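The values are calculated or read from the model by the stated rules, or taken from the named source; none is laboratory data. Predicted model, so just to flag it, every value in this text is computed and none were measured. Counting neighbours? That spans all protein chains shown, and the Cβs are built from the backbone with ideal geometry, glycine included.
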Amino acid sequence: MHDLRVTVLILEFAKYPQPGHVKTRLAVSLGSEEACRIYNAMAQKTHHELLKLQERGEARVIVYADGADRQKMSGWLRGAYDIWLQPDGDIGTRLESAFCKAFEMGFRTVIAVGTDCPGLTAEKIRKAIGQLKRFDVVIVPATDGGYVLIGTNTFQQELFRQVTWSSDRVLEQTLQQAKVKNMSVALLDPETDVDTAEDLKMVEATLNPEVSVIIPVLNDHHFLKETLDAFSCAHHLGEIEVIVVDGGSPDGSDVVAADFKAKLLKSAPGRAQQMSLGARHARGRWFWFLHADCLPEIETIRELPGYLRSMGLRWGFFRQRISDPSLWFRLIEMGNELRGRIFGLPYGDQGIIVHRDLYFQCGGFAQVPFLEDVILSRCLSGICRPTAINKTIRIPSRHWRPAGPFFTTIRNIGIVFRFLVLRQSPSDLLGYYFKRVYVHLTLLYLLLFSVKSFIIT
């Protein structure tokens, strides 16, 4: 017996993701492996939306499973109230069986949803539940003539009979059955369920993004092309938007952004100004500030929205992989990660990602010519610790080449030390960044400061 205080049951129709067994029409265009990955992403997104309602006590969620046993399904879609296995038969038989069982258990409202419609959010499902206070049946139509959600307050088996399933007449015939039984029907706005490559393009173009990737550029034509190519190769269901903010590049960086259909903004040069402008135009729940020469792995791009939802991440940074085989760079990578973990001070080339509410709570980027990433990290760390995301972004070694990895690292440490400890302004420190002799002065300064501290103690 379920908790009688919760009277709404949501049946989540889900098929275990196996290449060649799910989204076969989509696989014709994309291949079975990619079609399976996309279906998995859609199912996980739908499941996350349903669990929002369950966590707030508004409904119970039962995974109505096909293609695997309970153990596999519970390992795939976690957190459901229960898992039921679908019986043999067509979709109508399975719907009728599930609705009958749910009402026999004492639920007063039963809703069935598919797991191939990324636009079906918790808010839309909540609206559907509300409609059942005034109507006998609620339906969210699909753009292909079917439906992606159906719900009732009583067991009405006729709704699932005399219907030509998997055809463009499903909705029409279901409404006919409701009319025969004199049932009132609430039809909500239609949604797109993804069966074909055309459906996928439509969904990607219309969904509100989860993540806004904000890339400031200034003469980054080559690197920008490679980074945007990675995002275009990763089908991400429209959950990621890419915003390129050009600081006046004469090298055609803006043309590259336009070619890849990224949102292009124009700004005065300066990363702080550029990223602030991008954030003001971003629609995502998370802002990912990415330098043009920071290249994320395609798998990272694909998995990021689901990872952020499951983790409820406030802010974090990524692991680096510098494009030089030298041991020095492995040590630099390790040191940078430890700086982020221990001191909460990741730099911009570590791919800082932050929830939009937290970003605006900190006031965004300080409008300084230099060290805007350090200032933001310090502010964010004052609120909560960052998460070190176990995903890699690749960056070139070009920034360490002029002075070499050792002296460049010492220079960077010295600049941050002067800023945080000696309170020197970013404007004053900017000049030091471009002076090679400064690395030697920094070494001497740090040494003398350490000796002085040792003598005093």
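Of the residues that make up segment 128-140, is at least one on the phi > 0 side of the Ramachandran plot and in contact (Cβ under 8 Å) with a residue 24 or more places away in the chain?
No - not one qualifying residue is present in segment 128-140.
From the set of residues in segment 53-103 that are under 26 Å from the mean Cα position of the chain (by Cα) and among the acidic types (Asp, Glu), which is farthest from VAL6 (Cα to Cα)?
GLU55
Taking PHE317, is it aromatic (Phe, Trp, Tyr), buried (at least 17 other Cβ atoms within 10 Å of the Cβ) and not assigned by TED's automatic domain parsing to the domain that holds MET42?
Spelling it out, PHE317 is indeed aromatic (Phe, Trp, Tyr), buried (at least 17 other Cβ atoms within 10 Å of the Cβ) and not assigned by TED's automatic domain parsing to the domain that holds MET42.
For ILE83, only one of the following conditions fails: (1) in a helix (DSSP H, G or I); (2) of a type outside the set (Gly, Ala, Ser); (3) more than 24 Å from ASP144 (Cβ to Cβ). What is its number?
Failing condition for ILE83: (1).
Of the numbered conditions (1) surrounded by fewer than 19 Cβ atoms within 10 Å (Cβ to Cβ); (2) within 20 Å of the chain's Cα centre (by Cα), ILE353 satisfies every one except a single condition; which is it?
(1)
Being of a type in the set (Ser, Thr, Tyr), buried (at least 18 other Cβ atoms within 10 Å of the Cβ) and over 25 Å from the mean Cα position of the chain (by Cα): is that true of THR115 here?
Against the criterion (of a type in the set (Ser, Thr, Tyr), buried (at least 18 other Cβ atoms within 10 Å of the Cβ) and over 25 Å from the mean Cα position of the chain (by Cα)), THR115 does not qualify.
Checking SER29 against (1) in contact with a Lys or Arg (Cβ under 7 Å, 6 or more places away or on another chain); (2) part of a helix (DSSP H, G or I), only one condition comes out false. Which one?
Of (1) in contact with a Lys or Arg (Cβ under 7 Å, 6 or more places away or on another chain); (2) part of a helix (DSSP H, G or I), only one is false for SER29: (1).
If LEU376 passes every condition in (1) modelled with pLDDT under 95; (2) part of a helix (DSSP H, G or I) but one, which one does it miss?
The failed condition is (1).
Within segment 238-262, track down each residue that is within 22 Å of THR192 (Cβ to Cβ) and surrounded by fewer than 21 Cβ atoms within 10 Å (Cβ to Cβ).
GLY238, LYS261
Considering (1) surrounded by fewer than 17 Cβ atoms within 10 Å (Cβ to Cβ); (2) touching a residue at least 24 places away in the same chain (Cβ under 8 Å); (3) part of a loop (DSSP other than H, G, I, E, B); (4) not small (Gly, Ala, Ser), say which one ARG341 fails and leave the rest.
(3)
Tell me which of these CYS100 doesn't satisfy, since it passes every other one: (1) hydrophobic (A, V, I, L, M, F, W, C); (2) surrounded by fewer than 19 Cβ atoms within 10 Å (Cβ to Cβ); (3) outside any helix (DSSP H, G or I).
(3)
Among the listed residues LEU265, LEU218, LEU237, identify the single one that is closer than 21 Å to THR115 by Cβ and not polar (S, T, N, Q).
Among LEU265, LEU218, LEU237, only LEU237 is closer than 21 Å to THR115 by Cβ and not polar (S, T, N, Q).
Can you give me the number of residues within segment 71-97 that are at pLDDT 95 or above and either touching a Pro at 6+ places or on another chain (Cβ under 9 Å) or among the hydroxyl-bearing types (Ser, Thr, Tyr) (or both)?
Summing the residues that are at pLDDT 95 or above and either touching a Pro at 6+ places or on another chain (Cβ under 9 Å) or among the hydroxyl-bearing types (Ser, Thr, Tyr) (or both) in segment 71-97 gives 3.
Please identify the pairs in which a residue from segment 349-366 that is basic (Lys, Arg) has its Cβ atom under 9 Å from the Cβ atom of a residue that is in a strand (DSSP E or B), counting only partners at least 6 apart or on another chain.
Pairs that qualify, where the first residue is basic (Lys, Arg) and the partner is in a strand (DSSP E or B), are ARG356/SER212; ARG356/TRP286; ARG356/PHE287.
Of all residues in segment 398-426, which are hydroxyl-bearing (Ser, Thr, Tyr), within 14 Å of ASP349 (Cβ to Cβ) and surrounded by fewer than 16 Cβ atoms within 10 Å (Cβ to Cβ)?
none
Anything in segment 182-199 that is under 19 Å from ILE111 (Cα atoms) and either without any contact (Cβ under 8 Å) to a residue 40 or more places away in the chain or in a strand (DSSP E or B) (or both)? List them, or say none.
VAL185, ALA186, LEU187, GLU191
Scan segment 54-63 and give yes if some residue there is in the same structural domain as ASN153 (by TED's automatic domain parsing) and either assigned to a helix (DSSP H, G or I) or under 15 Å from THR196 (Cα atoms) (or both), otherwise no.
Looking through segment 54-63, at least one residue is in the same structural domain as ASN153 (by TED's automatic domain parsing) and either assigned to a helix (DSSP H, G or I) or under 15 Å from THR196 (Cα atoms) (or both).
How many of the residues making up segment 323-338 are in contact (Cβ under 8 Å) with a residue 60 or more places away in the chain and surrounded by 21 or more Cβ atoms within 10 Å (Cβ to Cβ)?
1
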